[in-house]
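Data block below; observations after.
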Amino acid sequence: MNEFLRPIGVLLWKDILIELRSRDLVVSLLVFGLVVVVVFNFALNATPELVTEVTPGILWVAFAFAGVLAMNRAFVREKEEGGLDGLLLSPISRDSIFFGKAAASFIFMLLVEAVLLPIFAGLLNFSPASFTLILTIVLATLGFSVVGTLFSAISVQTRSREILLPVLFFPVILPVLVGAVESTKQALGGDTVVGLGHWLPLLGAFDALFLVICHWIFSIVVEE
Amino acid sequence: MAGTEEIQQPTSEIAFQSKFRWSDMIRVDGRINLRGCLLLVTGILMLVNLYMIFMVAPTDAVLGHVQRIFYFHVPLAIVSFVAFLAVFIASIAYVFRRETKWDNLAHASAEIGVVFITLALVTGMIWAKPVWNAWWLWTPRLTTTLILWLIYVAYLMIRSYAPSPSKAAIYGAAMGIIGFADVVVVYFSVQWWPGIHPTPVVGPLADTGSLDGTMRSVLLFSMLTFLALLTYLIMERMALQDTVDQLRGIRFSLRRAARQDAIPGD
Amino acid sequence: MVAPSSNLGASAPAPTSGEAIVVRGLEKSFGEWPVLWNLDLTVGWGELVALFGANGVGKTTLLRILSTQAKPDAGSIQVAGFGLSKNAQTIRRRVGVVAHQTFLYEDLSCRENLVHYGRLYGLEDPRNRAEEALLQLGLSNRADSRVRTLSNGMQKRLSIARAILHRPQILILDEPEAGLDRESIAVLRSLLEEWTDAGLSVIMTTHDLDLGLSWARRAAVLSGGRIRFPAADEYMDGAQVRELVASALEPSR
């Protein structure tokens, strides 16, 4: 098999296997996502009219925070018994490590979102069956996992790693978050302001840009 | 004690200057003191700038005197953007060259840039209160600036939390590059963001046509002044870092000598 | 304990020429803390070098540099005949590392861990190789247990199995005896003897003077940032080496 893709598959399979064994990540993220929605409902004291207004926001806050937790967990798990050192010691390209970890985070987050979305749809009373919405979720999650993988690789090496990851992650990811929220608004048939059609291509452009930059910087950062 | 001689040498190189002489600002040891000259120039520029802002610039017909904060607010914001551009360029140079001077430049620019953008945010809020009757509005421009602030505060945090100086440098470079790329994306994406667009007065996408001729001249002069101030502060910060590095070097060789001396039978 | 079946000689391409590890003028510091400097070290093929030194003297740092996990500040380093700066990936294939951490995933079984690493190294038949390594370290009966359920000594053994999995030419061991019981130490010793007999090399750190001196063909002492071999003569008599090592290990500041 291809020398570049094979190690990515190996890493991905390892993470899936660990997740199948422990089930700690996906289950806790699901519960966490639900908690976020419930907390928001109380905090905003949401009336039915308000709910439609803030639904995209609640949805993406839940996904983004769950995403940060997932990223953090993905690398803390590697760090616990030195697995990250083991990875870096192995003769696979650093790019493969980056894409392997990013792919694992991407898949786990999509899984969590796939389960949460119908639940949210029921709780917040919207229809999840929208192509735009699903494409938005896929693109935004890709951006999350690419940026998050780089920053968790950095933050896991520092002290106070749990704090540092969100501090690094959120400012950088904000364009994705804005794009996702606006695009979701459109998908849910909210505002129909001219120009909202820009958001999906913008998400795609962001993903492409950060895929290039992050994987380049990742190899430099982990080799240091 | 074989190490004693070589330890004393670097200490004597840093001459302690007890007396300040004005001529040192221009020339030190027969060489032009670039930093000193820039300090002089910046100082004069700032005095002139104050005069321009408060005496030359006309009072705004609608907003009154409070509008004069505009001559601080806008240059601070733009110059901080220049500082972050410097962080970006220096970070890329550091990644490719791995020379400490690039990292020092990036670090110094980021620190000064954060100070400037903080001042820009504060002056903006002071201006916003009487004009918009609110300290803060979530407009695209303000949000972009706040994101910028967050990114470069994160830059400084990542550096101070890094486990070693070389890691701090490379993590900083990573943040310096991604942060700037992000800022560009944010800058253009907010143009499409629905919301209140306050008429952009300056900036790459700005429309300066509404400005009175004198006002524009004062603004440009103020920008020049703050650019000089930025350059001077960055140079000063880098010189400070040089001194810190020298001191570290001395401590380094002392520690090394101490450990070497402790070995019997060498 | 069953003596491990010998399949080392057939596995690794027997290196013939040059030295296993050559280090010249190595320097490494952490910020303003000097750790290693003027460090020269040579490890020949078929040698087992035991590295002694007080705590914090840089033993682990040296091993991390040799295994490409840390970057040196200066100096030339050759591992298995390859320059460290240019050929990190080649060197990674040729060294096996046992560190303080096991590099194992606690939620996977012993076998799954080894198969995973085997795949990472691109082994032709990772499953078979994993079985061999498990057998060699006497872990076959625990192959399907999760690492989490293993005792520390067992985990360490598995970590050794992981290190030899891809048939490296040089083993880099950081206190491999720590946490091992007598039986495991005996397994490790016979493994290392077989290893060096096959012309492969080992560099290890240890705090156990007796163990290190009886296993090693050469002892090295790390102090004051560099390696101090016992005199020029490689094979000093035991008492002299012991004295030198002991004096270097005394707390000194």
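Scan the stretch C:140-154 residue by residue and report those that are in contact with a helix residue (DSSP H, G or I) (Cβ under 8 Å, 6 or more places away or on another chain) and surrounded by fewer than 21 Cβ atoms within 10 Å (Cβ to Cβ). Before the answer, list the steps.
Of the residues in the stretch C:140-154, the ones in contact with a helix residue (DSSP H, G or I) (Cβ under 8 Å, 6 or more places away or on another chain) are C:140, C:142-147, C:150, C:153-154.
Result: C:Ser140, C:Arg142, C:Ala143, C:Asp144, C:Ser145, C:Arg146, C:Leu150, C:Gly153.
Within the stretch A:159-180, the set of residues being farther than 26 Å from B:Ser164 by Cβ, crowded, with 22+ Cβ neighbours inside 10 Å and touching a residue at least 24 places away in the same chain (Cβ under 8 Å) comprises A:Ile173, A:Pro175, A:Val176, A:Gly179, A:Ala180. All conditions in (1) modelled with pLDDT under 90; (2) under 30 Å from A:Thr47 (Cβ atoms) hold for A:Thr136, with the sole exception of (1). Reported count of residues in the stretch A:61-85, each being at pLDDT 90 or above and over 10 Å from the mean Cα position of the chain (by Cα), is 2.
Can you tell me which residue in the stretch A:142-158 is farthest from A:Cys214 (Cα to Cα), limited to those that are β-branched (Val, Ile, Thr) and crowded, with 24+ Cβ neighbours inside 10 Å?
The first filter runs over the stretch A:142-158 and keeps only residues β-branched (Val, Ile, Thr), leaving A:146-147, A:149, A:154, A:156, A:158.
If we keep only those that are crowded, with 24+ Cβ neighbours inside 10 Å too, we end up with A:146-147, A:149, A:154.
Details: A:Val146: 7, A:Val147: 6, A:Thr149: 8, A:Ile154: 12 Å.
Looking at residues that are β-branched (Val, Ile, Thr) and crowded, with 24+ Cβ neighbours inside 10 Å, I get A:Ile154.
Tallying residues that are touching a residue at least 12 places away in the same chain (Cβ under 8 Å) and over 30 Å from C:Tyr117 (Cα atoms) within the stretch A:17-40 yields 7.
Looking at the structure I just gave you, is B:Trp127 more than 22 Å from A:Val167 (Cα to Cα) and outside any helix (DSSP H, G or I)? Talk me through it step by step, then tell me what you get.
Details: more than 22 Å from A:Val167 (Cα to Cα): yes; outside any helix (DSSP H, G or I): no.
For B:Trp127, the condition - more than 22 Å from A:Val167 (Cα to Cα) and outside any helix (DSSP H, G or I) - is not met.
Pairs linking a residue in the stretch B:33-56 that is free of Cβ contacts under 8 Å to residues at least 60 places away in the same chain to a residue that is outside any helix (DSSP H, G or I), with Cβ atoms under 9 Å and 6 or more positions apart or on different chains, are B:Asn33/B:Ile26; B:Asn33/B:Arg27; B:Gly36/B:Ile26; B:Gly36/B:Arg27; B:Gly36/B:Val28; B:Cys37/B:Ile26; B:Leu40/B:Ile26.
For the stretch C:132-159, name all the residues that are more than 14 Å from chain A (Cβ to nearest Cβ), without any contact (Cβ under 8 Å) to a residue 40 or more places away in the chain and part of a helix (DSSP H, G or I). Show your work before the answer.
Applying the first criterion (more than 14 Å from chain A (Cβ to nearest Cβ)) to the stretch C:132-159 yields C:132-143, C:151, C:153, C:157.
From what is left, the residues that are without any contact (Cβ under 8 Å) to a residue 40 or more places away in the chain are C:133-134, C:139-143, C:151, C:153, C:157.
Result: C:Ala133, C:Leu134, C:Ser140, C:Asn141, C:Arg142, C:Gly153, C:Arg157.
Residue count for the stretch B:85-115, restricted to those that are surrounded by fewer than 23 Cβ atoms within 10 Å (Cβ to Cβ) and not β-branched (Val, Ile, Thr): 12.
For A:Glu113, the criteria (1) among the acidic types (Asp, Glu); (2) buried (at least 22 other Cβ atoms within 10 Å of the Cβ); (3) within 14 Å of another protein chain (Cβ to nearest Cβ) hold in every case but one, which is (3).
Is it true that some residue in the stretch A:144-155 is touching a helix residue (DSSP H, G or I) at 6+ places or on another chain (Cβ under 7 Å), without any contact (Cβ under 8 Å) to a residue 40 or more places away in the chain, at the interface with chain B (Cβ under 9 Å from one of its Cβ atoms) and of a type in the set (S, T, N, Q)? I'd like the intermediate steps shown before the answer.
First, the residues of the stretch A:144-155 that are touching a helix residue (DSSP H, G or I) at 6+ places or on another chain (Cβ under 7 Å): A:144-155.
Add one more test, that the residue is without any contact (Cβ under 8 Å) to a residue 40 or more places away in the chain, and what stays is none.
No, the stretch A:144-155 contains no residue that is touching a helix residue (DSSP H, G or I) at 6+ places or on another chain (Cβ under 7 Å), without any contact (Cβ under 8 Å) to a residue 40 or more places away in the chain, at the interface with chain B (Cβ under 9 Å from one of its Cβ atoms) and of a type in the set (S, T, N, Q).
Filter the stretch B:27-58 for residues that are within 21 Å of B:Gly124 (Cβ to Cβ) and either exposed (fewer than 11 other Cβ atoms within 10 Å of the Cβ) or within 19 Å of the chain's Cα centre (by Cα) (or both) and give the result. Can you show your working first?
Let us first name the residues in the stretch B:27-58 that are within 21 Å of B:Gly124 (Cβ to Cβ), namely B:46, B:49-50, B:52-54, B:57.
B:Met46, the sole residue that qualifies.
In the set (1) part of a loop (DSSP other than H, G, I, E, B); (2) under 26 Å from A:Lys101 (Cα atoms), the condition left unmet by C:Asn113 is number (1). The single residue among C:Leu120, C:Leu165 that is among the aliphatic types (A, V, I, L, M) and in contact (Cβ under 8 Å) with a residue 12 or more places away in the chain turns out to be C:Leu165. Among the residues of the stretch A:13-28, are any of a type in the set (Ser, Thr, Tyr), over 26 Å from A:Ser160 (Cβ atoms) and part of a helix (DSSP H, G or I)? Taking every residue of the stretch A:13-28 in turn, none turns out to be of a type in the set (Ser, Thr, Tyr), over 26 Å from A:Ser160 (Cβ atoms) and part of a helix (DSSP H, G or I).
For the stretch C:93-105, taking the residues that are facing chain A (nearest Cβ under 7 Å) and closer than 17 Å to C:Thr61 by Cβ, the one that is modelled with the lowest pLDDT is identified as C:Gln101.
Please go through the stretch C:29-53 and pick out each residue that is within 23 Å of C:Arg217 (Cβ to Cβ) and surrounded by fewer than 20 Cβ atoms within 10 Å (Cβ to Cβ). Hits for the stretch C:29-53 are C:Asp40, C:Thr42, C:Gly44, C:Gly46. One residue stands out among those in the stretch C:74-92 that are within 12 Å of chain A (Cβ to nearest Cβ) and of a type outside the set (A, V, I, L, M, F, W, C): the one that is surrounded by the most Cβ atoms within 10 Å (Cβ to Cβ), which is C:Arg92. One residue stands out in the stretch C:58-73 among those that are among the β-branched types (Val, Ile, Thr) and surrounded by 22 or more Cβ atoms within 10 Å (Cβ to Cβ): the one that is nearest to the other protein chains (Cβ to nearest Cβ), namely C:Thr68.
The values are calculated or read from the model by the stated rules, or taken from the named source; none is laboratory data. None of these values were measured; they are calculated from a predicted model. All Cβ positions, even for glycine, are placed from backbone atoms using ideal geometry, and neighbour counts span all protein chains on display.
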